[in-house]
1. Does region 456-478 contain at least one residue that is in contact with a helix residue (DSSP H, G or I) (Cβ under 9 Å, 6 or more places away or on another chain) and either over 25 Å from ARG499 (Cβ atoms) or in contact (Cβ under 8 Å) with a residue 12 or more places away in the chain (or both)?
2. Test LEU204 against the stated conditions and say whether it is open to solvent by 40 Å² or more (accessible area, probe 1.4 Å), assigned to a helix (DSSP H, G or I) and either at pLDDT 95 or above or closer than 29 Å to ILE125 by Cβ (or both).
3. Please tell me if LEU31 is farther than 30 Å from LEU236 by Cα, assigned to a helix (DSSP H, G or I), open to solvent by 10 Å² or more (accessible area, probe 1.4 Å) and modelled with pLDDT of 80 or more.
4. For the list (1) among the basic types (Lys, Arg); (2) crowded, with 19+ Cβ neighbours inside 10 Å; (3) out of contact with any strand residue (DSSP E or B) (no Cβ under 9 Å at 6 or more places or on another chain); (4) assigned to a loop (DSSP other than H, G, I, E, B), I need the number of the one condition that ARG382 fails.
5. Of the conditions (1) part of a helix (DSSP H, G or I); (2) open to solvent by 30 Å² or more (accessible area, probe 1.4 Å), ALA326 fails just one. Which one is it?
6. So which residues in region 389-410 are more than 30 Å from PHE88 (Cα to Cα) and open to solvent by 30 Å² or more (accessible area, probe 1.4 Å), if there are any at all?
7. Taking the residues in region 431-447 that are more than 17 Å from PRO405 (Cα to Cα) and either of a type in the set (A, V, I, L, M) or buried (at least 18 other Cβ atoms within 10 Å of the Cβ) (or both) as candidates, determine which candidate is nearest to the chain's Cα centre (by Cα).
8. Go through region 492-514 residue by residue and tally those that are outside any loop (DSSP other than H, G, I, E, B) and either touching a Phe, Trp or Tyr at 6+ places or on another chain (Cβ under 8 Å) or modelled with pLDDT of 90 or more (or both).
Amino acid sequence: MRFGQALLTFDPVQQQPEPPGYPLHVALGRLFNFFVHDPFFALLALSIVASVAGVIIVSLLATELLGDLWSGAAAALVLYLSPAMLVFGPLPNAEATAMALIAGAMLAFVRGDAIWFAIFAAAAIGARPEIALAILAMVCVALAISPGMRRASAAVIGGATLLLCFIPLIEAIRGRFGDYVITNYAALRTASAAVGLHGRELVLRFIAHPWGSKWLSFPILIAAVVGLGMMKKRALPLAAFAISHLLFCFAVADRGDGVQPVIPSMIAVAIFAAAALSRWPRAAFAAALVYGAAAFLYAWPILYDRHRMPSPAAAAMRYARRYLPADAVLMYEPPLEAWARFSRIDVAPIRDFDRYADQKTPLFLLADGGSSTPHARTFFWRDSDAYGKVTTNRYRVVTLIPFPPAARYRSLGGVYQFERSGDEEWRWLGSDALIALPPLGPRVVHLVLALPADAPIDRNTVSINGVPVTVTRGRPLSFSFPARSPLRIHSARSFTSPRDRRTLAVQLLSLEQR
């Protein structure tokens with residue numbers, strides 16, 4: 001499979017390689033790419049090798065801590081058959097690599113090998129730098145309960161520093177592989193603030209959802225709490241790592257990344273859960289098999305669609321390359337920029353919409369979500385509980401939306417940028433808005449205005465070129481009138497958005513000259 005074809009099998013949320021900020025992961029990827037000669041398969045092969053190594057290392061670690069091979073195997077099964085690892089582990093991301101290194105550091109600690117403990121701990125930071133504080137907590141606890149490990153502290157600090165110093169080196173020497181990683185990572189980082197979770201929702205997302213539905217996660221979490229009380233002192237560094245990492249994620253992790261940020265902490269939960277049944281090791285192994293089978297069935301809709309068909313964004317770009325006119329312009333929402341650039345036609349950010357008001361160029365929008373716009377082309381994967389909980393449901397539906405000349409206009413003031421939710425896109429209007437229409441001859445303007453259900457005002461009187469209409473909350477208003485440019489839209493009421501302090505009056509859902 002050629003490089004470009006392999007790239008287009010990526011899902012923009014679950015199949016994006018990590019950025020050059022992960023120096024060890026990228027360095028290992030470049031090493032694999034030396035033999036594979038394809039960035040996608042190089043990173044994929046790295047994750048597969050790391051996953052196999054991780055299963056073995058976690059089994060050995062749990063066996064050392066729990067004293068029985070059956071219990072060790074149970075812990076590895078619970079971890080690597082969890083929905084979070086089934087979805088994220090086999091992908092060309094850093095999760096599998098970091099998990100194997102973290103488990104390797106703990107295994108070295110319980111075996112009393114200070115040097116390898118330092119090497120693996122530093123390498124884990126190089127694979128995923130955001131776990132640095134949690135690794136530091138793990139090292140501090142390890143030094144406190146095992147004075148013989150003290151010589152490892154300097155090695156950990158020095159090794160981590162050296163690994164982090166690889167970042168500018170990789171930036172400087174990146175070639176085809178580095179460009180590939182950077183290009184595909186751009187879209188993911190642009191959407192970092194798309195999801196806001198707090199309180200109970202955030203706890204469920206980061207604590208329970210990695211393990212599946214409540215029928216799967218709650219037994220695991222309860223068993224982990226019970227098992228924690230049964231663990232010996234030498235398991236304290238692992239507990240410190242997990243707690244520190246979870247606290248770090250609650251404070252600063254991207255809510256839009258699903259359960260991905262908390263995956264490293266799952267090692268401790270899996271081992272502590274297995275510890276709850278360690279007195280009956282064969283029963284622990286049997287319970288792990290039952291959980292693994294149920295977790296696999298839970299994650300199956302994602303796994304099946306991901307391997308049966310290209311991601312919705314990839315399918316949209318294949319369609320665009322085949323059917324959109326060669327002179328078309330494809331606008332994109334910021335998180336989908338990297339995908340839009342694989343359309344092989346001219347692209348522009350959606351904020352440039354007004355530039356094309358007076359042009360006849362075919363214009364389309366690549367959007368995250370569905371659309372009720374006529375002739376829009378939608379690409380999607382099946383909806384599932386796992387997709388919504390494990391991945392935050394981004395990019396499950398992607399749509400190519402046409403904007404013919406009759407549906408275009410230009411803001412002369414008081415019109416904010418496009419926003420989207422579900423199947424609708426809109427632009428907020430301020431108290432006074434001025435809109436220029438393209439000259440298309442004698443036409444009738446069809447306008448749709450709305451106040452969303454959560455608007456702080458129940459209705460608004462809007463005057464359009466002197467003609468008043470009343471927009472009621474939760475009930476979009478459609479009406480037509482003779483076209484006359486510019487449109488002067490005055491709203492009697494407005495309110496201040498608590499999120500960004502904008503002055504908002506009414507939503508413009510669509511405008512078309514007919």
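The values are calculated or read from the model by the stated rules, or taken from the named source; none is laboratory data. Since we're looking at a predicted model, the values are computed, not measured. We place every Cβ from the backbone using ideal geometry, glycine too, and count neighbours over all the protein chains shown. Heavy atoms of the whole protein, side chains included, go into the accessibility calculation; ligands, DNA and RNA do not. Shrake-Rupley method; radii C 1.70, N 1.55, O 1.52, S 1.80 Å.
1. no
2. So LEU204 fits the description; yes.
3. Judged against the criteria, LEU31 is a match.
4. For ARG382, the failing item is (2).
5. (1)
6. Passing the criteria: PRO404, PRO405, ARG410.
7. Restricting to residues being more than 17 Å from PRO405 (Cα to Cα) and either of a type in the set (A, V, I, L, M) or buried (at least 18 other Cβ atoms within 10 Å of the Cβ) (or both), the top hit is ALA433.
8. Residues flagged as outside any loop (DSSP other than H, G, I, E, B) and either touching a Phe, Trp or Tyr at 6+ places or on another chain (Cβ under 8 Å) or modelled with pLDDT of 90 or more (or both) within region 492-514 amount to 7.
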